[in-house]
Every structure is written in C-alpha cells, then in structure tokens.
Amino acid sequence: MKILVVGGAGYIGSHMVKQLALSNHEVVTLDNLSCGYKDAVKYGELVIGDLGDVNVLKQLFSNHKFDAVMHFAAFIEVGESVINPAKYYHNNVSNTHVLLDAMVKHDIENFIFSSTAAIFGEPQYTPVDEGHPQHPINPYGRSKLMVEHMLEDYDEAYGLKSTCMRYFNAAGADPDGELGERHNPESHLVPLILQAASGRRADIKIFGQDYPTDDGTCVRDYVHINDLCDAHSLALSRMQKTGSSARYNLGNGKGFSVQQVIDTAKQVSCRDFKVVITDRRAGDPAVLVADARLAKQELNWQPKFDQLETIIETAWQWETNFFTQ
Ligand code: UDP
C-alpha cells in the first residue's frame, strides 16, 4: 500500500514510518518539523509542510495515489492546552479538518487517527473500555474528541473510513536503537526519569503522593511504541478488509504507579538518582488503565513488549546511545 504519514518525523510517527517501510509499504511523510526531526525520518520521502496547508495537500494528493493516511501531527501537552487552547484547536482540530476535506476531495478513503485516553477524562471505572463515557477535562482531550466526532460524521456523509487509536501511555523506543523519544521540552515520565538516571537532569519530580492508590502516586498503563505501531498496521488491514470504521483503546491493561516506574528504571539502568515529591499536576486522574480486549479480539493485537522492564530497557538504550555518547 501507499501510505501518507502525517507527523512522521515525531515520536510515534517515526516508528510507524519505519514499521510500514519494513513491511514493504510505500511511505511518504508530511511534517512541518515544528516538533519532529528531519533525521527521524529514516525511510521514504519527507515532504516538509503543514497539514493545514491546502496547497501542500493538493500537490501531495495529486502526485501520489494514497491508499491511506495516518495522522500523528498533533500537539500533546495537557498543561499547555489549558494555557493556550487556541494552539490546540487550531492545529489538532482545524488543521485536521483541512486534511480530512482534502482526503474526501481526492477520494482517499482510509484514515487512522492518533487519539488518546484523555478523551475519557476522569475515569468513572477502570479499566477503561471503548464504551466508557467521554468527558475530557482539558482542551487537549477535547480537541481529540472533536476530531473523533468529525470522523463519525465524515464516515456517515462521505464514506471516509477511520480507526481512532486511543493510546494510554506510549513509551519505549525502537529496539534496534535507531529511533526514540525526543520531545522538546520533555514532559513525559519515562524519558524524564531516564534523563535523571543518565545525569542529564538533576532529579525526577513525582507529581503528588496523596492519590488514592497503593503508594499514593498516579497509576498509568504504559504501552510500547512498537506495539502501538503493530496495532495501527493491523487496524489498516482490518479497515481494508471490512470497509468499516472502528475505535480502540490501546494499553497493556496493567497499571504501574509513578513510584514503580522510578524503581524499575533504577533497576534497569543500575543508577540511583534523586527523587523529589512535589504537588499534584493539574488534570491528572489517579488511575488510567486501558481495557484493550476489543483490539485484541478484533485486530488480533498481541503486545510483544508487555513487561514494564522491557519497555524501559528500550528507552534506556536510546537515552544512553543517542543522548549521552
Ligand atoms: N509525572 C511525574 N513527574 C514528571 C512527569 C510525569 O510524576 O516529571 C507523572 C504524571 O503526573 C502522571 C504520570 O507521571 O501521573 C505519567 O505522566 P506523563 O506526562 O508521562 O503521561 P500522561 O499520563 O500525562 O499522558
């Protein structure tokens, strides 16, 4: 298949591009490099441009006949989305709308969308399945849910088929050591802990130790980046076969507290580092764990890196090879 990966220079997108290329798909990346890196696009053509630019899209879709579009080009900082919602609604919603309209115009019928557990808001029960009520508590989550709604309407009206992939906590790195996580500024727990382990950061701060969990720190469901990419590949095949839209919650179904992630990182890295307890971060639910049974049943998705140690090992390999050599 010929696939356009929008945001293919970012963390998840770059791993996806690699997996698609190694599975013999033809891949083109569209990325404006606002958050991604040119050197993260190791496979296929890179077109530098904005997904909200109608002219760029017109040219791309006239030059290539894509079988599908995968969209990873979103802003993802919850805190920033509260302070600057315009940035999120502009890129994550308006620009995605421009992309979808261009797809409809050029008869591209398959779309895979990076969505998030943040569309659910504060969990009413856990683990969170696809039927869980959707009440996002920040503009980031709302921007993603708006696109999910748009996609339902575009399917109904224009026959655009989509699969929404709701990630819980994406983590880890390419086991080959070629790609990894490089957010700037970094805000995610696993890379921040490993920066503390490698000495690039003075300490790791735990945001709150007074949550109603076993050790008082927040519990999350960490899922390896390659397993997420597998789910996308399987979803694409399914969409091609069934011609229907779908949505999946993607996680390992097992929660780890911030403290447990820190302890595991200390073991994996064989390093000790300073841990500081600070106040809670706004908008953090205590526990967020996925019920991913639907993806397992319908896609036959089987996460391969389902141990936290292995996820952290791959991230540690990236931290030590890429950043501290
Ligand atoms: N967290 C933390 N210290 C940090 C970064 C994150 O204690 O420096 C916590 C955060 O409050 C959350 C968990 O780690 O409970 C995972 O946060 P992350 O930002 O990685 O992902 P999120 O759950 O927000 O998608």
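The values are calculated or read from the model by the stated rules, or taken from the named source; none is laboratory data. Predicted model only: the values in this text are computed from it and were never measured. FYI the Cβ positions are ideal-geometry reconstructions off the backbone, even for glycines, and counts take in every protein chain you see.
Only one entry of Asn321, Asn300 meets the criterion of being at pLDDT below 95 and farther than 25 Å from Gln124 by Cβ, and that entry is Asn321.
How many residues, within region 116-137, are without any contact (Cβ under 8 Å) to a residue 40 or more places away in the chain and surrounded by fewer than 18 Cβ atoms within 10 Å (Cβ to Cβ)? Residues flagged as without any contact (Cβ under 8 Å) to a residue 40 or more places away in the chain and surrounded by fewer than 18 Cβ atoms within 10 Å (Cβ to Cβ) within region 116-137 amount to 6.
In region 61-108, what residues are charged (D, E, K, R) and modelled with pLDDT under 95? Selection gives Glu77, Glu80. Within the option set Gln267, Gln240, Gln259, Gln209, being out of contact with any Phe, Trp or Tyr (no Cβ under 9 Å at 6 or more places or on another chain), in a helix (DSSP H, G or I) and within 13 Å of the ligand (Cβ to nearest atom) holds for one residue only, Gln259.
The set of residues in region 1-26 that are buried (at least 24 other Cβ atoms within 10 Å of the Cβ), not small (Gly, Ala, Ser) and not in a helix (DSSP H, G or I) comprises Ile3, Leu4, Val5, Val6. Quick one: is Gly253 within 13 Å of the ligand (Cβ to nearest atom) and in a loop (DSSP other than H, G, I, E, B)? No. Only one of the listed residues (Val78, Val69, Val56, Val93) is farther than 16 Å from Thr116 by Cβ and within 19 Å of the chain's Cα centre (by Cα). That residue is Val69.
Taking every residue in region 7-25 that is at positive phi and pairing it with any residue that is of a type in the set (Phe, Trp, Tyr), at least 6 positions away or on another chain, the pairs with Cβ-Cβ distances below 8 Å are Gly7/Phe72. When region 124-164 is filtered for residues that are out of contact with any strand residue (DSSP E or B) (no Cβ under 8 Å at 6 or more places or on another chain) and of a type in the set (Ser, Thr, Tyr), the ones remaining, listed by number, are Tyr125, Ser143, Tyr158. Starting from region 78-98, take each residue that is closer than 15 Å to Cys35 by Cα and list its partners that are basic (Lys, Arg) and in a helix (DSSP H, G or I), counting only C-beta distances under 9 angstrom and pairs at least six apart or across chains. Close Cβ pairs satisfying both conditions: Glu80/Lys87; Tyr88/Arg142; Asn92/Lys144. Going by the structure shown, is Ile48 aliphatic (A, V, I, L, M) and surrounded by fewer than 17 Cβ atoms within 10 Å (Cβ to Cβ)? Taking the combined requirement at face value, the residue satisfies it. Just one of the listed residues (Ala292, Ala286) is within 17 Å of Ala170 (Cβ to Cβ) and surrounded by 15 or more Cβ atoms within 10 Å (Cβ to Cβ), and it is Ala292. When region 138-171 is limited to residues that are assigned to a loop (DSSP other than H, G, I, E, B) and more than 12 Å from the ligand (Cβ to nearest atom), the one that is surrounded by the most Cβ atoms within 10 Å (Cβ to Cβ) turns out to be Leu160.
Which numbered condition trips up Leu250, out of (1) surrounded by fewer than 16 Cβ atoms within 10 Å (Cβ to Cβ); (2) touching a residue at least 24 places away in the same chain (Cβ under 8 Å)? So the condition that Leu250 fails would be (1). Residues of region 270-306 that are more than 12 Å from the ligand (Cβ to nearest atom), of a type outside the set (Gly, Ala, Ser), touching an Asp or Glu at 6+ places or on another chain (Cβ under 9 Å) and not in a helix (DSSP H, G or I): Phe273, Lys274, Asp291, Trp301, Gln302, Pro303, Lys304, Phe305, Asp306.
Ala235: within 13 Å of the ligand (Cβ to nearest atom), closer than 22 Å to Ala171 by Cβ, under 22 Å from the mean Cα position of the chain (by Cα) and among the aliphatic types (A, V, I, L, M), yes or no? Outline the logic, then answer.
Working: within 13 Å of the ligand (Cβ to nearest atom): no; closer than 22 Å to Ala171 by Cβ: yes; under 22 Å from the mean Cα position of the chain (by Cα): yes; among the aliphatic types (A, V, I, L, M): yes.
No.
Pick from region 27-50 the residues that are of a type in the set (A, V, I, L, M) and not in a loop (DSSP other than H, G, I, E, B): which of them is nearest to Gln240 (Cα to Cα)? Checking each candidate, the answer is Val27.
Within region 184-200, if we keep just the residues that are near the ligand (Cβ under 10 Å from one of its atoms), part of a loop (DSSP other than H, G, I, E, B) and touching a residue at least 12 places away in the same chain (Cβ under 8 Å), the residue that is surrounded by the most Cβ atoms within 10 Å (Cβ to Cβ) turns out to be His188. Here Phe75, Phe61, Phe66 are screened, and the one residue that is aromatic (Phe, Trp, Tyr) and within 23 Å of Asn138 (Cα to Cα) is Phe75.
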